Amino acid sequence: MKFCHSRRFGNFGSLIAVSLLIVFSRHSSAQTCFTSDDMDAAVRSSLQAAAGRYFDMVARGDTATLKQNSISAVATNFAGIESAIKEHESELAGAHANPRPSFLLKAEGTAPLTKAEFLCGIFGASGQTTNSAEFVIPNLPPGTYGVVTMDVPTQKSGYTLALVLQQQGTNWKIGGFFLRPTQIAGHDSSWFLEHARTFKSKGQTHNAWLYFIEGRELAMPVPFMYTQLTDKLYEEIQSVKPADFPVDGKTADLAAGSKTYRLTTVFPLAVGQDLDLVVKYATADVSNSGQTFQDNMTVMKALIMKFPELRDAFAGVVARAVEPSGRDYGSLMPMKDIK
């Protein structure tokens, strides 16, 4: 079992509804979840202590010891975690972590669960409540796992560090590592959500959708945990979900003169204090950089011509041509220069 620490958003969870107010500690015979208040005090203490030790290692930049204390699947693919720690080493040095209430997940059986689902805490007739959570984890091997999220304020910004710890004997080993900023381009989740609602009120649904996605992403410490807030945001996002953008794995066509480009992904990207828009499209070959550059320029201009509202939300556009091998070629143009 290895958890990715990528920040890009994934699939949304569905809203869970039950007819009566129930305390869930068991979703099925194979998956059990305990909130911080429900778990044994000794277990809670050992889990939080382990997370605290690992954060201290992160703050010191002690990646070697972190690797030694990781499960084998993580230790053999540790480069991404090490890179994330090194990238933010100066900001995290001397920082202190404030832990949130933790969760204990138990997956039973003898084989990995194709889709492990854990319902934690109290659910009501309309779904989740203030202290509940849902975890949906694919291909989870049997075992006992702790999920600990810590808020890490720094002088420049803030981060969340979420650790998935797997119990091995009397020890808790790192099975997942998620270091995420709480702001991008100087703005937090609330700012993006506020602006998304403003865009929606103006009828700028494409801007609203992109900003809702970013706001929800910043509110999620891990991509497989859903709360009352993220469920409500999911419903709100659906009201502006565009049919002519590449969404949920579907592509979208963009006509430019006599040629049509197949868009595969559109998402915001922070570049310093600017918020740019990235658009990826499929192409057969990027080896001819001159021709690919011209295609990138064409895609950017056609995108803004079709969706002029994007000028109000982004400082620039990055077009990336991606061939079947995964190799790509990108170009950036400031919004003011796209005419």
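Side notes on the structure shown:
- When shorter helices are ignored and each DSSP H run of at least 4 residues is given -39500 (n - 2.57), the per-residue value for the chain at 222 nm works out to -9000 deg cm²/dmol.
- For segment 227-339, the Cβ-based charge dipole about the Cα centre amounts to some 300 debye (Lys, Arg positive; Asp, Glu negative; other atoms uncharged).
- Partners for residue 106 among aspartates and glutamates (Cα-Cα distance below 20 Å; same-chain residues under 8 apart left out): 37, 38, 40, 117, 134
- Length gained when the stretch residue 126-residue 90 is fully extended (0.36 nm per residue, less Cα-Cα span): 8.5 nm
- Cα shape, segment 206-264, gyration tensor, a/c 1.5 rule: prolate
- For segment 41-182, relative contact order (Cα pairs under 8 Å, six or more residues apart, normalised by length) works out to 24 percent.
- Our note on the geometry: Cα centres of segment 23-93 and segment 159-178, 3 Å apart.
- Compared with the dominant Cα axis of the chain, that is its longest principal axis, helix 41-60 is turned about 50°.
- Given +1 at the Cβ of Lys and Arg, -1 at the Cβ of Asp and Glu and no other charges, the dipole of segment 22-184 around its Cα centre is 140 debye to the nearest 20.
- In a reduced charge model with +1 at each Lys and Arg Cβ and -1 at each Asp and Glu Cβ, the chain shows a dipole moment near 340 debye about its Cα centre.
- Short-range pairs are left out: with C-alpha atoms under 8 Å and at least six residues apart, the relative contact order of the chain is 14 percent.
- Options 314, 277, 303, ranked by Cα towards positive dipole end of segment 252-337, top entry (Cβ charges): 303
- The overall shape of segment 187-238 is prolate: from the C-alpha gyration tensor, with semi-axes ordered a ≥ b ≥ c, the ratio a/c is 1.5 or greater and a/b exceeds b/c.
- Label assignment, Cα extents along the principal axes in Å derived from the structure, set (1) 69, 47, 35; (2) 66, 50, 41; (3) 59, 56, 41: (2)
- Angle between the chain longest axis and helix 289-306 axis [Cα atoms, degrees, rounded to 10]: 90
- Proximity of backbone amide H atoms, modeled 1.01 Å from N, is registered between residue 278 and 267, 269, 318 at under 5 Å, excluding neighbours fewer than 5 places apart on the same chain.
- Taking Cα atoms only, the orientation of helix 228-238 departs from the longest principal axis of the chain by about 20 degrees.
Bear in mind these aren't lab numbers, they're just calculated from the coordinates by the rules spelled out. Keep in mind that this is a model prediction, so the values were computed, not measured. Neighbour counts are summed over all protein chains in view; Cβ atoms, including those assigned to glycine, are modelled from backbone coordinates with ideal geometry.
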